[in-house]
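Each reported figure results from applying straightforward, stated rules to the coordinates on display, with no laboratory input. Here the structure is a predicted model, which means the values were calculated and not measured. Here the Cβ positions follow ideal geometry from the backbone for every residue, glycine too, while neighbour counts run over all protein chains shown.
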Amino acid sequence: MSLPKQVVVIFILMFGAVASALSAELSEIRNYIEYSPILSSAGQPTREQLDAVKAAGFERVVYIAFSNGRNAIADEDAVVKELGMDYIQVPVIWDKPTKSDFYAFAGAMQREPDRKTLLHCAANFRASAFSFLYRVLYEDVPVAIAKADMNKIWIPNETWTNLIISVLEENGVSAQCDGCDWTPGE
């Protein structure tokens, strides 16, 4: 093999190893799920995992819980900004989510819809529900596909199921689809 080919092969192997390591680090974040090349959701990352988020090319972190939560990073906004990513927080009360909460999140996303974004909360329950709605309403993902992805993380309880169905109806989208069971979880 000639020298330039060896260099290319070495580069490809190194890049693959780095990409694999980044993917492994991201998968260690609680309930991490990648929906597309530009949207993922997760539970609360650690400070170290935020470094991996940046290294994986994320440009924006959206946090939809409160900074005084049990596992929250009190200065997450500063940590994310110091890493060179945008930070948005839309605090959503776990047992009282509102349509306004969702639309505040969606509005922030729509200002720069092509930015690679990690949406997170404490456990990826709120975030997976908002991801479901955002993907269906703004990215034209079929309800059945978005629901199957959300259900990999959790089956929304009655409060969240009601919010989801209400937002869908308000936007003229039916929650009904083949294989969609909207019986609330716990």
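Quick one: would you say A104 is closer than 17 Å to I38 by Cβ, within 18 Å of the chain's Cα centre (by Cα), of a type outside the set (S, T, N, Q) and surrounded by 15 or more Cβ atoms within 10 Å (Cβ to Cβ)? Walk me through how you get there before you give the answer.
Details: closer than 17 Å to I38 by Cβ: no; within 18 Å of the chain's Cα centre (by Cα): yes; of a type outside the set (S, T, N, Q): yes; surrounded by 15 or more Cβ atoms within 10 Å (Cβ to Cβ): yes.
So A104 fails the test.
A single member of A129, A122 is crowded, with 17+ Cβ neighbours inside 10 Å, in a loop (DSSP other than H, G, I, E, B) and under 15 Å from the mean Cα position of the chain (by Cα), and it is A122. In region 26-68, of all residues being crowded, with 16+ Cβ neighbours inside 10 Å and of a type in the set (G, A, S), the one that is nearest to L119 (Cα to Cα) corresponds to S41.
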